[in-house]
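Encoded as C-alpha coordinates, the structure appears first; notes follow it.
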Amino acid sequence: MNRVELLSPDGVPEVRRGDDLAALLSAVVDLHDGDVVLVTSKVVSKAEGRIRTGSREDALPGETARVVARRGPTTIVRTHHGLTLAAAGIDASNVAAGTVVLLPEDPDASARALRAGVRDRAGANVGVVVTDTAGRAWREGQTDIAIGAAGLLVLENYAGRTDDHGNELAVTAPAVADEIAGLAELAQGKLGGRPFAVVRGRGDLVLPPGDDGPGARALIRPEGGDLFGYGAREAVVRALRGDPADRAPFGVPVAAAEFAATVRTVLGIEAAPALEGLELALPPGRASALAVLAFAHGWEAHPAGDTVPEGTDRAVLVRLRPATP
(Lines give C-alpha, C1' and ligand atoms only; values in the text may rest on other atoms or scores of the structure.)
Protein backbone atom coordinates (compact mmCIF):
# COMPACT_ATOMS: atom_id res chain seq x y z
CA MET A 1 0.00 0.00 0.00
CA ASN A 2 1.26 3.47 -0.89
CA ARG A 3 0.50 6.33 1.45
CA VAL A 4 1.03 10.07 0.95
CA GLU A 5 0.50 12.49 3.83
CA LEU A 6 -0.30 16.18 3.41
CA LEU A 7 -0.25 18.90 6.06
CA SER A 8 -0.52 22.67 5.90
CA PRO A 9 0.30 24.43 9.17
CA ASP A 10 -1.53 27.38 10.65
CA GLY A 11 0.15 30.20 12.54
CA VAL A 12 2.25 31.79 9.77
CA PRO A 13 2.22 35.59 10.21
CA GLU A 14 1.78 38.08 7.38
CA VAL A 15 4.92 37.89 5.26
CA ARG A 16 6.79 41.11 4.56
CA ARG A 17 9.79 42.12 2.52
CA GLY A 18 13.00 40.61 3.85
CA ASP A 19 11.34 37.88 5.93
CA ASP A 20 13.20 34.59 6.27
CA LEU A 21 10.80 31.99 4.86
CA ALA A 22 12.85 29.08 6.18
CA ALA A 23 12.58 30.54 9.69
CA LEU A 24 8.83 31.07 9.37
CA LEU A 25 8.34 27.51 8.14
CA SER A 26 10.59 25.91 10.76
CA ALA A 27 8.62 27.67 13.50
CA VAL A 28 5.35 25.94 12.59
CA VAL A 29 6.33 22.43 11.45
CA ASP A 30 9.04 19.86 12.11
CA LEU A 31 10.64 18.85 8.83
CA HIS A 32 12.22 15.51 7.96
CA ASP A 33 14.43 14.13 5.23
CA GLY A 34 12.35 13.33 2.16
CA ASP A 35 9.65 15.91 2.84
CA VAL A 36 8.46 18.05 -0.04
CA VAL A 37 7.87 21.65 1.02
CA LEU A 38 5.46 23.76 -1.00
CA VAL A 39 5.16 27.52 -0.74
CA THR A 40 2.89 29.87 -2.62
CA SER A 41 4.51 32.26 -5.05
CA LYS A 42 2.70 35.13 -3.38
CA VAL A 43 4.55 34.87 -0.08
CA VAL A 44 7.83 34.31 -1.90
CA SER A 45 7.19 37.51 -3.85
CA LYS A 46 6.24 39.40 -0.69
CA ALA A 47 9.46 38.31 1.01
CA GLU A 48 11.45 39.31 -2.08
CA GLY A 49 9.80 42.74 -2.35
CA ARG A 50 7.87 42.09 -5.55
CA ILE A 51 4.92 44.30 -4.58
CA ARG A 52 4.19 47.24 -6.88
CA THR A 53 1.86 50.22 -6.66
CA GLY A 54 -0.80 50.32 -9.37
CA SER A 55 -3.10 47.90 -11.17
CA ARG A 56 -2.50 44.64 -13.00
CA GLU A 57 -2.91 46.52 -16.26
CA ASP A 58 -0.14 48.92 -15.21
CA ALA A 59 2.27 46.10 -14.40
CA LEU A 60 1.41 43.75 -17.27
CA PRO A 61 3.65 45.18 -20.03
CA GLY A 62 6.78 44.80 -17.95
CA GLU A 63 6.01 41.16 -17.12
CA THR A 64 5.07 40.15 -20.68
CA ALA A 65 7.39 38.51 -23.18
CA ARG A 66 4.57 38.24 -25.73
CA VAL A 67 0.78 38.14 -25.83
CA VAL A 68 -0.69 34.71 -26.52
CA ALA A 69 -4.39 35.58 -26.63
CA ARG A 70 -6.94 38.19 -25.61
CA ARG A 71 -10.62 37.70 -24.90
CA GLY A 72 -12.38 40.77 -23.56
CA PRO A 73 -10.64 41.88 -20.36
CA THR A 74 -8.57 38.68 -20.15
CA THR A 75 -5.04 38.70 -21.52
CA ILE A 76 -3.03 35.47 -21.64
CA VAL A 77 0.70 36.09 -21.97
CA ARG A 78 3.98 34.27 -22.01
CA THR A 79 6.07 35.71 -19.21
CA HIS A 80 9.80 36.29 -19.17
CA HIS A 81 10.03 33.02 -17.20
CA GLY A 82 8.41 31.19 -20.14
CA LEU A 83 5.17 30.59 -18.22
CA THR A 84 1.84 31.06 -20.01
CA LEU A 85 -0.57 32.70 -17.58
CA ALA A 86 -3.49 35.08 -17.41
CA ALA A 87 -2.22 38.60 -16.65
CA ALA A 88 1.34 37.20 -16.30
CA GLY A 89 0.39 35.81 -12.90
CA ILE A 90 0.09 39.32 -11.44
CA ASP A 91 -2.16 39.17 -8.36
CA ALA A 92 -4.20 41.89 -6.71
CA SER A 93 -5.65 39.75 -3.90
CA ASN A 94 -4.43 39.57 -0.30
CA VAL A 95 -2.43 42.79 -0.69
CA ALA A 96 -3.14 46.40 0.21
CA ALA A 97 -5.59 48.21 -2.05
CA GLY A 98 -3.85 49.91 -4.94
CA THR A 99 -0.98 47.42 -5.06
CA VAL A 100 -0.27 44.16 -6.89
CA VAL A 101 2.12 41.25 -6.43
CA LEU A 102 4.37 40.15 -9.29
CA LEU A 103 5.68 36.62 -9.64
CA PRO A 104 9.13 35.94 -8.19
CA GLU A 105 11.81 37.09 -10.59
CA ASP A 106 13.43 33.63 -10.62
CA PRO A 107 11.17 31.03 -8.95
CA ASP A 108 13.76 28.25 -9.24
CA ALA A 109 16.33 30.41 -7.47
CA SER A 110 13.73 31.18 -4.78
CA ALA A 111 13.17 27.44 -4.32
CA ARG A 112 16.91 26.81 -4.05
CA ALA A 113 17.28 29.50 -1.41
CA LEU A 114 14.44 28.06 0.69
CA ARG A 115 15.84 24.54 0.39
CA ALA A 116 19.23 25.74 1.60
CA GLY A 117 17.61 27.66 4.44
CA VAL A 118 15.69 24.60 5.60
CA ARG A 119 18.88 22.54 5.46
CA ASP A 120 20.69 25.10 7.62
CA ARG A 121 17.89 25.50 10.18
CA ALA A 122 16.31 22.06 10.40
CA GLY A 123 19.09 19.84 9.08
CA ALA A 124 16.59 18.18 6.75
CA ASN A 125 17.08 17.32 3.12
CA VAL A 126 13.82 18.37 1.47
CA GLY A 127 12.48 19.15 -1.97
CA VAL A 128 10.91 22.57 -2.49
CA VAL A 129 8.17 23.66 -4.88
CA VAL A 130 7.02 27.25 -5.47
CA THR A 131 3.39 27.16 -6.58
CA ASP A 132 1.04 29.44 -8.46
CA THR A 133 -2.52 29.13 -9.70
CA ALA A 134 -3.20 28.69 -13.41
CA GLY A 135 -6.08 27.91 -15.73
CA ARG A 136 -6.08 24.96 -18.11
CA ALA A 137 -6.83 24.88 -21.81
CA TRP A 138 -10.16 23.18 -22.63
CA ARG A 139 -11.20 22.94 -18.96
CA GLU A 140 -13.00 25.21 -16.53
CA GLY A 141 -11.46 26.18 -13.21
CA GLN A 142 -7.90 26.56 -12.04
CA THR A 143 -5.34 24.44 -10.23
CA ASP A 144 -1.96 25.08 -8.67
CA ILE A 145 1.18 24.29 -10.66
CA ALA A 146 4.90 24.32 -9.95
CA ILE A 147 6.61 27.47 -11.19
CA GLY A 148 9.79 26.91 -9.19
CA ALA A 149 11.47 23.83 -7.76
CA ALA A 150 14.68 22.67 -6.11
CA GLY A 151 15.89 19.28 -4.98
CA LEU A 152 12.98 17.51 -6.62
CA LEU A 153 12.46 15.28 -9.60
CA VAL A 154 9.86 17.43 -11.36
CA LEU A 155 9.09 15.05 -14.22
CA GLU A 156 9.00 11.25 -14.18
CA ASN A 157 9.86 9.71 -17.52
CA TYR A 158 8.15 6.41 -18.25
CA ALA A 159 9.29 6.22 -21.88
CA GLY A 160 10.66 2.80 -22.69
CA ARG A 161 8.97 1.06 -19.75
CA THR A 162 6.31 -1.57 -20.32
CA ASP A 163 2.91 -1.98 -18.72
CA ASP A 164 1.44 -5.21 -17.32
CA HIS A 165 0.34 -6.21 -20.84
CA GLY A 166 3.79 -5.74 -22.36
CA ASN A 167 2.96 -2.48 -24.13
CA GLU A 168 5.86 -0.06 -24.29
CA LEU A 169 5.13 3.44 -22.99
CA ALA A 170 6.26 6.05 -25.49
CA VAL A 171 5.48 9.53 -24.16
CA THR A 172 4.13 9.05 -20.63
CA ALA A 173 5.83 11.61 -18.38
CA PRO A 174 3.89 12.58 -15.24
CA ALA A 175 4.62 16.15 -14.17
CA VAL A 176 4.88 15.15 -10.53
CA ALA A 177 5.82 18.66 -9.35
CA ASP A 178 2.53 19.96 -10.76
CA GLU A 179 0.62 17.04 -9.25
CA ILE A 180 2.10 17.73 -5.82
CA ALA A 181 1.33 21.45 -6.21
CA GLY A 182 -2.32 20.68 -6.92
CA LEU A 183 -2.46 18.31 -3.96
CA ALA A 184 -1.00 20.91 -1.59
CA GLU A 185 -3.60 23.51 -2.53
CA LEU A 186 -6.33 21.23 -1.17
CA ALA A 187 -4.91 21.75 2.31
CA GLN A 188 -3.74 25.33 1.95
CA GLY A 189 -6.94 26.74 0.50
CA LYS A 190 -7.22 30.17 -1.06
CA LEU A 191 -8.41 32.03 2.04
CA GLY A 192 -6.93 29.96 4.85
CA GLY A 193 -3.76 31.99 5.42
CA ARG A 194 -1.63 28.85 5.07
CA PRO A 195 1.14 29.60 2.56
CA PHE A 196 3.14 26.44 3.31
CA ALA A 197 2.35 22.77 2.85
CA VAL A 198 4.38 19.62 3.41
CA VAL A 199 3.91 16.37 1.50
CA ARG A 200 5.30 13.16 2.97
CA GLY A 201 5.54 9.76 1.39
CA ARG A 202 7.30 10.69 -1.85
CA GLY A 203 10.86 10.85 -0.61
CA ASP A 204 11.81 8.94 -3.75
CA LEU A 205 11.35 12.21 -5.66
CA VAL A 206 13.68 14.21 -3.41
CA LEU A 207 17.21 14.60 -4.75
CA PRO A 208 20.38 14.18 -2.64
CA PRO A 209 21.85 17.15 -0.75
CA GLY A 210 23.73 19.45 -3.10
CA ASP A 211 21.68 18.41 -6.13
CA ASP A 212 18.96 20.96 -6.80
CA GLY A 213 17.98 19.43 -10.14
CA PRO A 214 16.82 21.34 -13.22
CA GLY A 215 14.00 23.17 -11.43
CA ALA A 216 10.48 23.77 -12.67
CA ARG A 217 11.87 25.40 -15.81
CA ALA A 218 12.25 21.85 -17.12
CA LEU A 219 8.45 21.70 -17.34
CA ILE A 220 8.23 24.66 -19.72
CA ARG A 221 8.04 23.85 -23.40
CA PRO A 222 10.32 25.93 -25.61
CA GLU A 223 8.84 28.43 -28.04
CA GLY A 224 7.37 26.50 -30.95
CA GLY A 225 7.10 23.29 -28.97
CA ASP A 226 3.49 23.84 -28.01
CA LEU A 227 0.69 23.12 -30.47
CA PHE A 228 -1.12 26.27 -29.36
CA GLY A 229 1.46 29.04 -29.39
CA TYR A 230 -1.25 31.63 -30.09
CA GLY A 231 -4.96 31.88 -29.54
CA ALA A 232 -7.11 31.04 -32.56
CA ARG A 233 -7.74 34.65 -33.56
CA GLU A 234 -4.22 35.76 -32.75
CA ALA A 235 -2.73 33.02 -34.95
CA VAL A 236 -4.72 34.29 -37.93
CA VAL A 237 -3.64 37.86 -37.31
CA ARG A 238 0.03 36.94 -36.90
CA ALA A 239 0.05 34.85 -40.04
CA LEU A 240 -1.58 37.66 -42.03
CA ARG A 241 0.94 40.14 -40.70
CA GLY A 242 3.86 37.85 -41.53
CA ASP A 243 6.39 39.43 -39.18
CA PRO A 244 9.42 37.12 -38.86
CA ALA A 245 9.51 37.92 -35.13
CA ASP A 246 6.18 36.11 -34.77
CA ARG A 247 7.33 32.92 -36.47
CA ALA A 248 8.71 30.88 -33.54
CA PRO A 249 5.38 30.06 -31.80
CA PHE A 250 4.13 28.42 -35.02
CA GLY A 251 6.75 25.71 -34.56
CA VAL A 252 9.20 24.08 -36.91
CA PRO A 253 8.43 23.84 -40.64
CA VAL A 254 5.99 21.06 -41.51
CA ALA A 255 6.97 18.30 -43.89
CA ALA A 256 6.81 19.05 -47.62
CA ALA A 257 3.99 16.55 -48.18
CA GLU A 258 1.88 18.12 -45.42
CA PHE A 259 2.38 21.63 -46.76
CA ALA A 260 1.62 20.52 -50.31
CA ALA A 261 -1.62 18.94 -49.09
CA THR A 262 -2.59 22.20 -47.32
CA VAL A 263 -1.92 24.25 -50.46
CA ARG A 264 -4.03 21.82 -52.47
CA THR A 265 -6.90 21.98 -49.95
CA VAL A 266 -6.95 25.76 -49.53
CA LEU A 267 -5.88 27.05 -52.95
CA GLY A 268 -6.66 24.11 -55.21
CA ILE A 269 -3.11 24.21 -56.57
CA GLU A 270 -0.74 21.28 -56.92
CA ALA A 271 2.76 21.83 -55.54
CA ALA A 272 5.39 19.55 -57.01
CA PRO A 273 8.62 18.41 -55.32
CA ALA A 274 11.65 20.55 -56.19
CA LEU A 275 15.33 20.63 -55.31
CA GLU A 276 14.96 22.71 -52.11
CA GLY A 277 11.32 22.01 -51.34
CA LEU A 278 8.32 22.54 -53.62
CA GLU A 279 7.32 24.58 -56.63
CA LEU A 280 4.00 25.52 -58.15
CA ALA A 281 2.39 27.65 -60.82
CA LEU A 282 0.60 30.46 -58.96
CA PRO A 283 -2.38 32.06 -60.73
CA PRO A 284 -2.91 35.83 -60.40
CA GLY A 285 -4.49 36.98 -57.15
CA ARG A 286 -3.27 34.08 -55.01
CA ALA A 287 0.08 35.42 -53.78
CA SER A 288 -1.22 36.84 -50.49
CA ALA A 289 -3.06 33.67 -49.55
CA LEU A 290 -0.02 31.55 -50.35
CA ALA A 291 2.21 33.81 -48.23
CA VAL A 292 -0.10 33.41 -45.22
CA LEU A 293 -0.22 29.64 -45.60
CA ALA A 294 3.54 29.48 -45.94
CA PHE A 295 4.13 31.61 -42.84
CA ALA A 296 1.76 29.57 -40.67
CA HIS A 297 3.43 26.33 -41.74
CA GLY A 298 7.04 27.48 -41.40
CA TRP A 299 7.68 27.88 -45.12
CA GLU A 300 8.60 30.75 -47.45
CA ALA A 301 7.42 31.52 -50.98
CA HIS A 302 9.90 32.88 -53.53
CA PRO A 303 8.69 33.88 -57.00
CA ALA A 304 11.11 32.57 -59.60
CA GLY A 305 10.29 35.37 -62.05
CA ASP A 306 9.16 32.98 -64.77
CA THR A 307 5.62 32.79 -66.11
CA VAL A 308 3.95 29.62 -67.24
CA PRO A 309 0.64 29.01 -69.00
CA GLU A 310 -2.13 28.29 -66.50
CA GLY A 311 -5.53 28.08 -68.19
CA THR A 312 -6.21 31.46 -69.82
CA ASP A 313 -3.93 33.40 -67.42
CA ARG A 314 -0.21 33.63 -67.07
CA ALA A 315 0.78 32.05 -63.76
CA VAL A 316 4.00 32.82 -61.90
CA LEU A 317 6.39 30.03 -61.02
CA VAL A 318 6.90 30.05 -57.24
CA ARG A 319 9.44 28.04 -55.32
CA LEU A 320 8.63 27.07 -51.73
CA ARG A 321 11.15 26.11 -49.12
CA PRO A 322 11.24 25.70 -45.34
CA ALA A 323 12.02 28.93 -43.51
CA THR A 324 15.28 29.19 -41.61
CA PRO A 325 15.36 30.64 -38.06
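So the values come out like this:
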item	result
Hits in region 148-173 (condition: among the β-branched types (Val, Ile, Thr) and either under 17 Å from Pro107 (Cα atoms) or at pLDDT 80 or above (or both))	Val154, Thr162
Close pairs from region 63-80: first over 15 Å from Arg233 (Cα atoms), partner assigned to a strand (DSSP E or B) and open to solvent by 70 Å² or more (accessible area, probe 1.4 Å), Cβ under 9 Å, at least 6 apart	Arg78/Thr84
Selection from region 151-186 of residues that are within 25 Å of Gly11 (Cα to Cα), of a type in the set (A, V, I, L, M) and either open to solvent by less than 30 Å² (accessible area, probe 1.4 Å) or part of a loop (DSSP other than H, G, I, E, B) (or both)	Ile180, Ala181, Ala184
Pairs, first modelled with pLDDT under 80 in region 293-321, second among the β-branched types (Val, Ile, Thr) and open to solvent by 40 Å² or more (accessible area, probe 1.4 Å), C-beta under 7 Å, six or more apart	Thr307/Val316; Arg314/Thr307
Number of positions in region 25-41 that are over 20 Å from Ile147 (Cβ atoms) and of a type in the set (A, V, I, L, M, F, W, C)	4
Candidate set from region 99-133 (those that are in a strand (DSSP E or B) and open to solvent by less than 10 Å² (accessible area, probe 1.4 Å)); member that is farthest from Leu207 (Cα to Cα)	Val100
Unmet criterion (only one of (1) at positive phi; (2) open to solvent by less than 50 Å² (accessible area, probe 1.4 Å)) for Gly72	(2)
Search result, residues across region 191-226 that are in contact with a His (Cβ under 9 Å, 6 or more places away or on another chain) and part of a loop (DSSP other than H, G, I, E, B)	Ile220
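The values are calculated or read from the model by the stated rules, or taken from the named source; none is laboratory data. From a predicted model like this one, the values you see are computed outputs, not experimental measurements. All Cβ positions, even for glycine, are placed from backbone atoms using ideal geometry, and neighbour counts span all protein chains on display. Quick note on the areas: whole protein, heavy atoms, side chains included, nothing else; ligands and nucleic acids left out. Shrake-Rupley method; radii C 1.70, N 1.55, O 1.52, S 1.80 Å.
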